[in-house]
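Everything on this sheet refers to the single structure shown next.
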Amino acid sequence: MEGKPGQAEVRGRVLVVDDDLTVRDVVRRYLEGAGHQVRLAGDGEQALALFEQAAADLVVLDLMLPGIDGLEVCRRLRRHSAVPVVMLTALGEEEDRVAGLQLGADDYVTKPFSPRELVLRVNSVLRRLRLPAPPPRLDQFADGDLRLDPVARRATRGAAELALTTREFDLLAFFLGHPGEVYTRAKLLELVWGWDFGDAATVTVHVRRLREKIEPDPANPVRIATVWGVGYRYDPGPA
């Protein structure tokens, strides 16, 4: 569906990667109807080539692709880009969904899916990324050897800069800004992701990834504590 006079302003450049022609066409029509520019790829190699030619604002990525599969596409994108990725997965591919989230994907939609739901997910991710930057602060977030600058979007642990995805950075900033407070996974989805729906497992995986990067011993976390039956709490070290 081509743009028409009077159509809403384009909201984002979306690269849709799926080997099913029908899925690609349906997703394209719904995304374009929502005001997005859409490019299509039928396999992993084509997707990586198109992204190298012109970066996208978001990638809708099927995990089951011929040749280079979706996980490997996500892995290669993450080598040089923090572009948001929304995965398309089959109902029984829980292990692959977790692997994709661990690679830095932002969310997933399970096939068969509602195209309207996918559009909502895409809009939510792009809306969150385009929120105004927070006002300049006189101080940075700090906890022991951990430092985070919300304006420069830079986090360090000791002398090493942390390689955080967009969501990991936002989640860590939220935790550091709300020490000692317990939040459910659903509340974190709302406050950090900006979603009023979604799979709470997304939060679980991002917490696990953060622990691997900021905890002295990720298996025995002392910063991001699990409050059993409730959610998570950030416990800063002694001042």
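Residues that are surrounded by 14 or more Cβ atoms within 10 Å (Cβ to Cβ), in a helix (DSSP H, G or I) and among the acidic types (Asp, Glu) within region 30-55 comprise GLU32, GLU45, listed in sequence order.
Summed over region 82-96, the residues that are without any contact (Cβ under 8 Å) to a residue 40 or more places away in the chain and surrounded by 15 or more Cβ atoms within 10 Å (Cβ to Cβ) give a count of 7.
Name every residue in region 178-193 that is open to solvent by less than 40 Å² (accessible area, probe 1.4 Å) and either at positive phi or at pLDDT 90 or above (or both), in order of residue number.
Once the filter is applied, which keeps residues that are open to solvent by less than 40 Å² (accessible area, probe 1.4 Å) and either at positive phi or at pLDDT 90 or above (or both), region 178-193 yields TYR183, LEU188.
Number of residues in region 172-195 that are touching a residue at least 12 places away in the same chain (Cβ under 8 Å) and within 19 Å of VAL122 (Cα to Cα) equals 8.
Among the residues of region 148-174, those that are within 17 Å of the chain's Cα centre (by Cα) and open to solvent by less than 70 Å² (accessible area, probe 1.4 Å) comprise LEU162, LEU164, THR165, THR166, ARG167, GLU168, PHE169, ASP170, LEU171, LEU172, ALA173, PHE174.
Scanning region 194-216 for residues that are of a type in the set (Gly, Ala, Ser) and surrounded by 15 or more Cβ atoms within 10 Å (Cβ to Cβ) yields GLY194, GLY198.
The values are calculated or read from the model by the stated rules, or taken from the named source; none is laboratory data. In this text, all values refer to a predicted model and were calculated from it rather than measured experimentally. Neighbour counts run over all protein chains shown; Cβ positions are idealised from the backbone, glycine included. Heads up: the accessible areas ignore ligands, DNA and RNA and are worked out on the full protein's heavy atoms, side chains in. Shrake-Rupley method; radii C 1.70, N 1.55, O 1.52, S 1.80 Å.
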